[in-house]
Amino acid sequence: AQSVTQLDSHVSVSEGTPVLLRCNYSSSYSPSLFWYVQHPNKGLQLLLKYTSAATLVKGINGFEAEFKKSETSFHLTKPSAHMSDAAEYFCVVSPPYNQGGKLIFGQGTELS
Amino acid sequence: DGGITQSPKYLFRKEGQNVTLSCEQNLNHDAMYWYRQDPGQGLRLIYYSQIVNDFQKGDIAEGYSVSREKKESFPLTVTSAQKNPTAFYLCASSRGQGFSQPQHFGDGTRLSIL
């Protein structure tokens, strides 16, 4: 069965310090992986995606994530946090051979 | 600019009433989705459609109905059978059903009970 676990429900950092949001996944095959951000009362915005190309993926707003197959992880990082980064972040798995493009969402990590 | 438009932004439902949430996209995407989001939870799939005039139930379809008569429109009806409809509803679309295709989201509709 496919699943995704966000290891922290809440992360708090000071402006200018690094951000680390952790995500582990479970998949029988190499999935596609996404990180989305959601600001209050807004929809989800795609930050970055991994689709079996380079393992280090760069996204928007200075975020990046590294796919580590041996650790089944896809952690999101940013070197220096900004106030505007405060939001909810979702790690999302799209397993291969899925039906109709169905995605598997993590429970979310609130960054403050 | 291309995108997904959801309306209304806020909606109130009376007991026993059906309400319809609108979702329109001008991205020329084939696939469309409806999700429900409750506080502290991830997104749960209600219905999805891969092509016009076809749709499938997601994980929590009971008490909801949809139609897909046009490529750009995928309205969701919350029926009186849905006993706990208070939630944030998100519509999304993607270019296709391939697993590498990201989904693009609207800004949501917040539904409350009067």
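Read the figures in this text as sums done on the coordinates, not as results from a lab. All values reported here derive from a predicted model rather than from experimental measurement. Cβ sites come from the backbone with ideal geometry, for glycine too, and all protein chains shown count toward neighbours.
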> Given q = 0.13, 0.16, 0.29 Å⁻¹, what are the Debye log10 I(q)/I(0) values for the stretch B:57-108, with equal point scatterers placed on the Cα positions and solvent ignored?
Replying inline: -0.39, -0.59, -1.29
> Under 19 Å Cα-Cα from B:Lys83, which lysines qualify once same-chain neighbours fewer than 8 residues away are excluded?
Replying inline: B:Lys14, B:Lys57
>> Please report, in whole Å³, the volume per residue of the convex hull around the C-alpha atoms of the protein assembly as shown.
In response: 123
> Say we join alpha carbon atoms closer than 10 Å with springs in a Gaussian network model of chain B; which of B:Pro85, B:Pro39, B:Pro75 then has the biggest fluctuation?
Replying inline: B:Pro39
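Just how large is the dipole of the protein assembly as shown about the Cα centre, in debye to the nearest 20, putting +1 at every Lys and Arg Cβ and -1 at every Asp and Glu Cβ?
Values: 20 positive and 19 negative charges, 64 e Å.
Using only the charged Cβ atoms, the result is roughly 300 debye.
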> Using a cut-off of 29 Å between alpha-carbon atoms, which lysines can reach A:Lys78, once sequence neighbours fewer than 8 places away in the same chain are excluded?
Replying inline: A:Lys42, A:Lys49, A:Lys58, A:Lys68, A:Lys69, A:Lys102
> For q = 0.19 Å⁻¹, what log10 I(q)/I(0) does chain B give under the Debye formula with an equal point scatterer on each alpha carbon and no solvent?
Replying inline: -0.95
>> Under 8 Å for C-alpha pairs, at least 6 residues apart: give me the relative contact order for chain A, rounded to a whole percent.
In response: 36
> Short version: what are the Cα gyration tensor semi-axes of the stretch A:1-66, square root of 5 times each eigenvalue, largest first, in whole Å?
Replying inline: 22, 15, 13
>> Please list, in order along the stretch B:23-32, the HN-Hα scalar couplings obtained from phi with the Karplus expression 6.51 cos²θ - 1.76 cosθ + 1.60 (θ = phi - 60°), rounded to whole Hz, x for Gly and Pro.
In response: 9, 10, 10, 10, 8, 6, 7, 7, 9, 9
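So what is the relative contact order of chain B, in percent, for Cα pairs below 8 Å that sit 6 or more residues apart?
Values: 293 pairs, mean separation 39.9, N = 114.
Relative contact order here is 35 percent.
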> Once Rh is set to the Kirkwood radius over Cα pairs, what Stokes-Einstein translational diffusion coefficient, in µm²/s, holds for chain A at a temperature of 20 °C and a viscosity of 1.002 mPa s?
Replying inline: 152
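What list do you get for B:Phe88, A:Phe34 if you sort them by fewest beta carbons within 10 Å? Before the final figure, lay out the partial values.
Numbers: B:Phe88 18, A:Phe34 26.
Fewest-to-most ranking of B:Phe88, A:Phe34: B:Phe88, A:Phe34.
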